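Encoded as structure tokens, the structure appears first; notes follow it.
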Amino acid sequence: MRRWPAILACVLALGALPGRAAVETERPLWREIPFREIPWPFPRDGWPAGRAFRCDGGCGGIEVYVRPKLGFCNCEAGVADDDEVDRVSDLDLISPRFAPLRPGEPIRVADISGRVRTYELRMQDETRHAAVGIAVSHRCDLLVAVAQGAAAAGEVQRMAAALLATNDIRRWVQSAMQLR
């Protein structure tokens, strides 16, 4: 009977480990890379406002804007080509003057497939920023993300992808896209 307290203590300790590990992995990545959420900066249009983030620190002032566009996508083909990324990714909200830097490539966001493409933006003050347009689709629904900043295009894409891969954003995407 003296062994029961020791056995109970071991079982409780082992049971607490997965919970602690889950808490540590649930920490939002943008706290580490250092993104912070900001108000949606764009005027109202035909789609609901999304979520906006700014990277503070040595990351070239990268900002990422994400929102769903439910019922907007080609239901059968999804985001099939770069022309569709150009059309739907909200780059024109930042600047109407953008040009692709290279062909896009496949990407997955929250287990949803689509395409990502890099651009050069000419801002209103004539400065140039790198930008990334992301469009992924599930059935007839679209999720778009656009990121821009003074950093190089590869860094803007890397930081945007890191933010979109966080558990917090994945859960929000699944909820906003009604995947649950």
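The values are calculated or read from the model by the stated rules, or taken from the named source; none is laboratory data. Computed from a predicted structure; not experimentally measured. Positions of Cβ are generated from backbone atoms using ideal geometry, with glycine treated the same way; all protein chains shown enter the neighbour counts. SASA here: full protein model, heavy atoms, side chains in, ligands and nucleic acids out. Shrake-Rupley method; radii C 1.70, N 1.55, O 1.52, S 1.80 Å.
Could you tell me whether any residue of the range 104-118 is aliphatic (A, V, I, L, M), crowded, with 18+ Cβ neighbours inside 10 Å, in contact (Cβ under 8 Å) with a residue 24 or more places away in the chain and in contact with an Asp or Glu (Cβ under 8 Å, 6 or more places away or on another chain)?
Step one: filter the range 104-118 for residues aliphatic (A, V, I, L, M), giving 107, 109-110, 112, 116.
From the residues that got through so far, the ones that are crowded, with 18+ Cβ neighbours inside 10 Å too are 107, 109-110, 112, 116.
Right, trim to in contact (Cβ under 8 Å) with a residue 24 or more places away in the chain and you get 107, 109-110, 112, 116.
Applying the additional criterion that residues be in contact with an Asp or Glu (Cβ under 8 Å, 6 or more places away or on another chain) yields 116.
Checking the range 104-118: at least one residue is aliphatic (A, V, I, L, M), crowded, with 18+ Cβ neighbours inside 10 Å, in contact (Cβ under 8 Å) with a residue 24 or more places away in the chain and in contact with an Asp or Glu (Cβ under 8 Å, 6 or more places away or on another chain).
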Every listed condition ((1) at pLDDT 75 or above; (2) open to solvent by 60 Å² or more (accessible area, probe 1.4 Å)) holds for residue 24 save (1)
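Residue check: is residue 93 within 16 Å of residue 69 (Cβ to Cβ), hydrophobic (A, V, I, L, M, F, W, C) and in contact with a Phe, Trp or Tyr (Cβ under 7 Å, 6 or more places away or on another chain)?
Yes, satisfied.
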Picked from the range 68-100 (must be assigned to a helix (DSSP H, G or I) and touching a residue at least 12 places away in the same chain (Cβ under 8 Å)), the residue farthest from residue 137 (Cα to Cα) is 94
Filtering the range 165-180 down to residues that are open to solvent by less than 10 Å² (accessible area, probe 1.4 Å) and either closer than 16 Å to residue 68 by Cα or modelled with pLDDT of 95 or more (or both) yields 169, 173, 177
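What do you reckon, is residue 153 modelled with pLDDT of 90 or more, closer than 21 Å to residue 35 by Cα, of a type in the set (A, V, I, L, M) and loosely packed, with under 14 Cβ neighbours inside 10 Å? Steps first, answer last, please.
Values: modelled with pLDDT of 90 or more: yes; closer than 21 Å to residue 35 by Cα: yes; of a type in the set (A, V, I, L, M): yes; loosely packed, with under 14 Cβ neighbours inside 10 Å: no.
Answer is no for this residue.
Among the residues of the range 104-121, which ones are acidic (Asp, Glu) and part of a strand (DSSP E or B)? Break it down stepwise before answering.
Here is the first cut: in the range 104-121, the ones acidic (Asp, Glu) are 105, 111, 120.
Passing the criteria: 105, 120.
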